[in-house]
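Q: Before I ask anything, here is the structure I am working with.
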Amino acid sequence: MNIVLLLNNDIASNLALNLLLPALRSHNITVFLSSKVGGNSTRPQALQDLAQFEQHDVYRALEQLPESTEKSLMFKTYTEINQYSDIKIESLNEINSAEGIEKIQSLSAGLIVSIRYGVILKKPIIGLAKHGVINLHSGKLPDYRGVMATFWALLNGDAQLSTSLHFIDDSTIDTGRVIANSTLTVQQEKSYLWHVLSLYIGGCQLILQAINILENGGELTTDIQTQAGDYFTFPSTEQLTAFTENCGVLYNKDEVVNLLTSIKKTTI
(Lines give C-alpha, C1' and ligand atoms only; values in the text may rest on other atoms or scores of the structure.)
Protein backbone atom coordinates (compact mmCIF):
# COMPACT_ATOMS: atom_id res chain seq x y z
CA MET A 1 0.00 0.00 0.00
CA ASN A 2 1.11 3.56 -0.65
CA ILE A 3 1.07 5.33 2.71
CA VAL A 4 1.61 9.04 3.30
CA LEU A 5 2.75 10.01 6.80
CA LEU A 6 2.07 13.60 7.84
CA LEU A 7 4.29 14.43 10.81
CA ASN A 8 5.70 17.44 12.62
CA ASN A 9 9.34 18.41 12.87
CA ASP A 10 9.72 17.49 16.55
CA ILE A 11 10.99 14.65 18.72
CA ALA A 12 7.60 13.04 19.33
CA SER A 13 6.79 12.68 15.63
CA ASN A 14 10.35 11.57 14.97
CA LEU A 15 9.96 8.86 17.60
CA ALA A 16 6.64 7.78 16.07
CA LEU A 17 8.33 7.39 12.68
CA ASN A 18 11.00 5.19 14.26
CA LEU A 19 8.33 3.03 15.87
CA LEU A 20 6.33 2.64 12.67
CA LEU A 21 8.93 2.10 9.97
CA PRO A 22 10.19 -1.40 10.88
CA ALA A 23 6.67 -2.80 10.52
CA LEU A 24 5.94 -0.91 7.29
CA ARG A 25 8.73 -2.27 5.11
CA SER A 26 6.32 -3.87 2.68
CA HIS A 27 4.60 -0.54 2.02
CA ASN A 28 5.64 2.49 0.00
CA ILE A 29 6.14 5.25 2.56
CA THR A 30 6.41 8.99 1.93
CA VAL A 31 6.84 11.44 4.81
CA PHE A 32 5.92 15.12 4.90
CA LEU A 33 6.78 17.39 7.81
CA SER A 34 5.14 20.53 9.11
CA SER A 35 7.44 23.00 10.83
CA LYS A 36 5.23 23.58 13.89
CA VAL A 37 1.77 23.12 15.36
CA GLY A 38 -0.61 26.09 15.61
CA GLY A 39 -0.56 29.64 14.30
CA ASN A 40 1.97 32.43 14.54
CA SER A 41 0.88 34.00 17.83
CA THR A 42 3.59 34.55 20.45
CA ARG A 43 3.50 31.90 23.16
CA PRO A 44 4.68 31.99 26.76
CA GLN A 45 8.43 31.56 27.23
CA ALA A 46 7.99 28.10 28.76
CA LEU A 47 6.33 26.86 25.55
CA GLN A 48 9.03 28.48 23.43
CA ASP A 49 11.64 26.67 25.52
CA LEU A 50 9.74 23.40 25.10
CA ALA A 51 9.62 23.84 21.32
CA GLN A 52 13.33 24.64 21.25
CA PHE A 53 14.06 21.41 23.11
CA GLU A 54 11.66 19.28 21.03
CA GLN A 55 13.00 20.53 17.72
CA HIS A 56 16.68 21.24 18.39
CA ASP A 57 18.22 20.72 21.83
CA VAL A 58 17.22 17.08 22.22
CA TYR A 59 19.14 16.24 19.06
CA ARG A 60 22.23 17.98 20.39
CA ALA A 61 21.89 15.89 23.56
CA LEU A 62 21.78 12.71 21.48
CA GLU A 63 24.88 13.81 19.57
CA GLN A 64 26.75 14.07 22.88
CA LEU A 65 26.16 10.43 23.79
CA PRO A 66 29.17 8.11 23.81
CA GLU A 67 29.87 6.79 20.33
CA SER A 68 29.10 3.20 21.33
CA THR A 69 25.71 4.20 22.70
CA GLU A 70 24.88 6.36 19.70
CA LYS A 71 25.65 3.53 17.26
CA SER A 72 23.42 1.09 19.17
CA LEU A 73 20.41 3.41 19.18
CA MET A 74 17.20 2.21 17.58
CA PHE A 75 16.20 5.87 17.33
CA LYS A 76 17.29 7.65 14.14
CA THR A 77 16.82 11.33 13.37
CA TYR A 78 14.84 12.49 10.35
CA THR A 79 18.12 13.35 8.65
CA GLU A 80 19.54 9.88 9.27
CA ILE A 81 16.39 8.20 7.99
CA ASN A 82 16.45 10.35 4.88
CA GLN A 83 20.14 9.60 4.25
CA TYR A 84 20.33 5.90 5.05
CA SER A 85 16.97 4.51 3.98
CA ASP A 86 14.76 4.70 0.92
CA ILE A 87 12.18 6.76 2.82
CA LYS A 88 11.66 10.20 1.32
CA ILE A 89 11.15 12.97 3.89
CA GLU A 90 10.42 16.57 2.93
CA SER A 91 8.82 19.66 4.44
CA LEU A 92 5.27 20.54 3.41
CA ASN A 93 3.51 23.36 5.22
CA GLU A 94 1.20 24.37 2.37
CA ILE A 95 -0.47 21.00 1.91
CA ASN A 96 -3.84 22.53 1.01
CA SER A 97 -2.39 24.61 -1.83
CA ALA A 98 -2.71 23.54 -5.44
CA GLU A 99 0.91 22.39 -5.34
CA GLY A 100 0.36 20.45 -2.13
CA ILE A 101 -2.75 18.75 -3.46
CA GLU A 102 -0.94 17.80 -6.66
CA LYS A 103 1.98 16.41 -4.64
CA ILE A 104 -0.26 14.17 -2.51
CA GLN A 105 -2.43 13.17 -5.46
CA SER A 106 0.62 11.99 -7.41
CA LEU A 107 1.37 9.42 -4.69
CA SER A 108 -1.93 7.52 -5.16
CA ALA A 109 -2.13 7.00 -1.41
CA GLY A 110 -4.09 4.10 -0.01
CA LEU A 111 -3.95 5.76 3.40
CA ILE A 112 -2.85 9.05 4.92
CA VAL A 113 -1.67 8.95 8.54
CA SER A 114 -1.36 12.15 10.54
CA ILE A 115 0.66 12.41 13.76
CA ARG A 116 1.09 15.92 15.21
CA TYR A 117 0.88 17.43 11.73
CA GLY A 118 0.60 21.19 12.19
CA VAL A 119 -1.82 22.06 9.39
CA ILE A 120 -5.60 21.52 9.37
CA LEU A 121 -6.40 19.36 6.36
CA LYS A 122 -9.11 20.57 4.00
CA LYS A 123 -11.58 18.57 1.94
CA PRO A 124 -9.51 18.13 -1.25
CA ILE A 125 -6.67 16.47 0.69
CA ILE A 126 -8.99 14.40 2.89
CA GLY A 127 -10.58 12.83 -0.16
CA LEU A 128 -7.36 11.76 -1.90
CA ALA A 129 -6.61 8.48 -0.07
CA LYS A 130 -8.55 5.30 -0.79
CA HIS A 131 -8.96 4.45 2.90
CA GLY A 132 -9.12 8.04 4.11
CA VAL A 133 -7.06 9.93 6.67
CA ILE A 134 -6.44 8.71 10.20
CA ASN A 135 -4.93 10.81 12.99
CA LEU A 136 -3.25 9.84 16.24
CA HIS A 137 -4.35 12.28 18.94
CA SER A 138 -2.58 12.32 22.31
CA GLY A 139 -5.73 12.62 24.36
CA LYS A 140 -9.05 10.94 25.04
CA LEU A 141 -11.75 12.02 22.62
CA PRO A 142 -14.05 13.83 22.89
CA ASP A 143 -12.85 14.91 26.36
CA TYR A 144 -9.58 16.49 25.22
CA ARG A 145 -9.80 17.96 21.76
CA GLY A 146 -7.22 20.43 20.54
CA VAL A 147 -3.55 20.91 21.37
CA MET A 148 -1.43 19.60 24.26
CA ALA A 149 -4.13 17.18 25.41
CA THR A 150 -1.64 15.37 27.65
CA PHE A 151 -0.79 18.65 29.40
CA TRP A 152 -4.43 19.35 30.17
CA ALA A 153 -5.11 15.81 31.37
CA LEU A 154 -2.13 15.99 33.73
CA LEU A 155 -3.16 19.43 34.97
CA ASN A 156 -6.68 18.11 35.61
CA GLY A 157 -5.22 15.35 37.78
CA ASP A 158 -6.18 12.42 35.56
CA ALA A 159 -4.65 9.15 36.76
CA GLN A 160 -4.63 7.68 33.27
CA LEU A 161 -3.78 9.21 29.92
CA SER A 162 -5.01 8.13 26.49
CA THR A 163 -4.37 8.36 22.80
CA SER A 164 -7.22 8.31 20.31
CA LEU A 165 -6.80 7.00 16.78
CA HIS A 166 -9.55 8.57 14.71
CA PHE A 167 -10.56 9.41 11.17
CA ILE A 168 -10.27 12.95 9.90
CA ASP A 169 -13.65 13.23 8.22
CA ASP A 170 -13.68 16.98 7.64
CA SER A 171 -11.80 20.15 8.53
CA THR A 172 -13.07 20.33 12.09
CA ILE A 173 -10.53 19.46 14.79
CA ASP A 174 -10.51 16.06 16.52
CA THR A 175 -14.18 15.32 15.82
CA GLY A 176 -13.90 12.29 13.52
CA ARG A 177 -14.92 8.69 14.13
CA VAL A 178 -12.77 7.04 16.80
CA ILE A 179 -11.06 3.79 15.78
CA ALA A 180 -9.25 2.80 18.98
CA ASN A 181 -7.60 4.05 22.15
CA SER A 182 -4.42 3.28 24.05
CA THR A 183 -3.80 4.16 27.69
CA LEU A 184 -0.90 5.03 29.97
CA THR A 185 -0.85 5.29 33.75
CA VAL A 186 0.46 8.64 34.96
CA GLN A 187 3.83 8.58 36.70
CA GLN A 188 3.87 11.60 38.97
CA GLU A 189 7.65 12.04 38.94
CA LYS A 190 7.85 12.16 35.15
CA SER A 191 7.64 15.23 32.93
CA TYR A 192 4.95 16.25 30.47
CA LEU A 193 7.12 15.37 27.47
CA TRP A 194 8.01 11.94 28.90
CA HIS A 195 4.30 11.14 29.10
CA VAL A 196 3.73 12.32 25.53
CA LEU A 197 6.56 10.20 24.15
CA SER A 198 5.48 7.17 26.16
CA LEU A 199 1.91 7.54 24.91
CA TYR A 200 3.09 7.34 21.30
CA ILE A 201 4.56 3.90 21.87
CA GLY A 202 1.08 2.46 22.43
CA GLY A 203 -0.49 4.82 19.93
CA CYS A 204 1.76 3.66 17.11
CA GLN A 205 0.67 0.09 17.80
CA LEU A 206 -2.91 1.22 17.11
CA ILE A 207 -1.81 2.64 13.76
CA LEU A 208 -0.04 -0.58 12.80
CA GLN A 209 -3.09 -2.65 13.78
CA ALA A 210 -5.31 -0.42 11.64
CA ILE A 211 -2.97 -0.69 8.64
CA ASN A 212 -2.86 -4.47 9.03
CA ILE A 213 -6.66 -4.65 8.95
CA LEU A 214 -6.85 -2.52 5.82
CA GLU A 215 -4.02 -4.40 4.13
CA ASN A 216 -5.91 -7.66 4.62
CA GLY A 217 -9.10 -6.31 3.09
CA GLY A 218 -10.91 -5.53 6.32
CA GLU A 219 -12.73 -2.40 7.44
CA LEU A 220 -12.00 -0.35 10.51
CA THR A 221 -14.78 -0.34 13.10
CA THR A 222 -15.41 3.08 14.59
CA ASP A 223 -17.42 4.92 17.22
CA ILE A 224 -19.02 8.24 16.40
CA GLN A 225 -18.24 11.00 18.88
CA THR A 226 -21.70 11.84 20.20
CA GLN A 227 -20.62 14.25 22.95
CA ALA A 228 -19.45 17.81 22.43
CA GLY A 229 -16.33 17.42 24.56
CA ASP A 230 -13.94 20.26 25.35
CA TYR A 231 -11.51 22.03 23.04
CA PHE A 232 -8.15 23.08 24.48
CA THR A 233 -5.61 25.50 23.12
CA PHE A 234 -2.09 26.41 24.25
CA PRO A 235 -1.90 27.18 27.98
CA SER A 236 -1.33 30.65 29.38
CA THR A 237 1.59 31.66 31.57
CA GLU A 238 -0.65 31.27 34.61
CA GLN A 239 -1.70 27.77 33.60
CA LEU A 240 1.90 26.81 32.95
CA THR A 241 2.82 28.06 36.42
CA ALA A 242 0.01 25.98 37.91
CA PHE A 243 1.31 22.95 36.02
CA THR A 244 4.84 23.41 37.35
CA GLU A 245 3.55 23.78 40.91
CA ASN A 246 1.24 20.76 40.77
CA CYS A 247 2.61 18.40 38.11
CA GLY A 248 6.31 19.12 37.64
CA VAL A 249 8.42 20.18 34.68
CA LEU A 250 7.46 20.23 31.01
CA TYR A 251 10.59 18.33 30.01
CA ASN A 252 13.76 16.85 31.42
CA LYS A 253 16.67 16.31 29.05
CA ASP A 254 18.13 13.23 30.74
CA GLU A 255 14.71 11.65 31.11
CA VAL A 256 13.94 11.99 27.41
CA VAL A 257 17.36 10.77 26.32
CA ASN A 258 17.02 7.75 28.63
CA LEU A 259 13.64 6.93 27.11
CA LEU A 260 14.97 7.15 23.55
CA THR A 261 18.02 5.01 24.36
CA SER A 262 15.90 2.36 26.12
CA ILE A 263 13.79 1.48 23.10
CA LYS A 264 14.71 -1.88 21.62
CA LYS A 265 17.25 -1.59 18.83
CA THR A 266 16.09 -2.45 15.35
CA THR A 267 17.23 -1.58 11.85
CA ILE A 268 15.45 0.94 9.71
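The values are calculated or read from the model by the stated rules, or taken from the named source; none is laboratory data. In this text, all values refer to a predicted model and were calculated from it rather than measured experimentally. Every residue, glycine among them, receives a Cβ derived from its backbone with ideal geometry; neighbour counts consider all protein chains shown. Accessible surface areas use protein heavy atoms only, side chains included; no ligands, DNA or RNA. Shrake-Rupley method; radii C 1.70, N 1.55, O 1.52, S 1.80 Å.
Q: Could you please tell me which pairs satisfy a Cβ distance under 7 Å, a separation of 6+ or placement on different chains, a first residue in region 127-140 that is assigned to a strand (DSSP E or B), and a second residue that is among the acidic types (Asp, Glu)?
A: HIS137/ASP174
Q: Out of the residues in region 209-250 that are under 20 Å from the mean Cα position of the chain (by Cα) and open to solvent by less than 30 Å² (accessible area, probe 1.4 Å), state the one that is nearest to MET148 (Cα to Cα).
A: Per the criteria, the residue is PRO235.
Q: Now a separate question. For a quick check of your reading: which helices (runs of 4 or more DSSP H) sit entirely within region 9-103 and have at least 2 residues that are closer than 24 Å to VAL119 by Cα and among the hydrophobic types (A, V, I, L, M, F, W, C)?
A: 11-20, 45-52
Q: A further question follows. Is one or more of the residues making up region 178-187 open to solvent by less than 60 Å² (accessible area, probe 1.4 Å) and in contact (Cβ under 8 Å) with a residue 40 or more places away in the chain?
A: Scanning region 178-187 turns up at least one residue that is open to solvent by less than 60 Å² (accessible area, probe 1.4 Å) and in contact (Cβ under 8 Å) with a residue 40 or more places away in the chain.
Q: For region 110-124, which positions are among the charged types (D, E, K, R) and either over 14 Å from the mean Cα position of the chain (by Cα) or not in a loop (DSSP other than H, G, I, E, B) (or both)?
A: Of everything in region 110-124, those that are among the charged types (D, E, K, R) and either over 14 Å from the mean Cα position of the chain (by Cα) or not in a loop (DSSP other than H, G, I, E, B) (or both) turn out to be LYS122, LYS123.
Q: Looking at ASN28, is it crowded, with 16+ Cβ neighbours inside 10 Å, in contact (Cβ under 8 Å) with a residue 24 or more places away in the chain and farther than 22 Å from TYR59 by Cα?
A: Here the answer is yes, as ASN28 does meet what is asked.
Q: Only one residue in ASP86, ASP57 is touching a helix residue (DSSP H, G or I) at 6+ places or on another chain (Cβ under 8 Å), on the phi < 0 side of the Ramachandran plot and among the acidic types (Asp, Glu), so which one is that?
A: After applying the criteria, what remains is ASP57.
Q: Looking at (1) closer than 20 Å to ASN18 by Cα; (2) open to solvent by 70 Å² or more (accessible area, probe 1.4 Å); (3) among the hydroxyl-bearing types (Ser, Thr, Tyr), which is the only condition TYR200 fails?
A: (2)
Q: Further question: Can you name the condition, by its number, that ASN156 falls short on among (1) in contact with a strand residue (DSSP E or B) (Cβ under 7 Å, 6 or more places away or on another chain); (2) within 24 Å of SER191 (Cβ to Cβ)?
A: Condition (1) is where ASN156 drops out.
Q: Continuing with the same structure: Just wondering, is there one or more residues in region 68-80 that are among the small types (Gly, Ala, Ser) and touching a Gly at 6+ places or on another chain (Cβ under 8 Å)?
A: For region 68-80, residues among the small types (Gly, Ala, Ser) and touching a Gly at 6+ places or on another chain (Cβ under 8 Å): absent.
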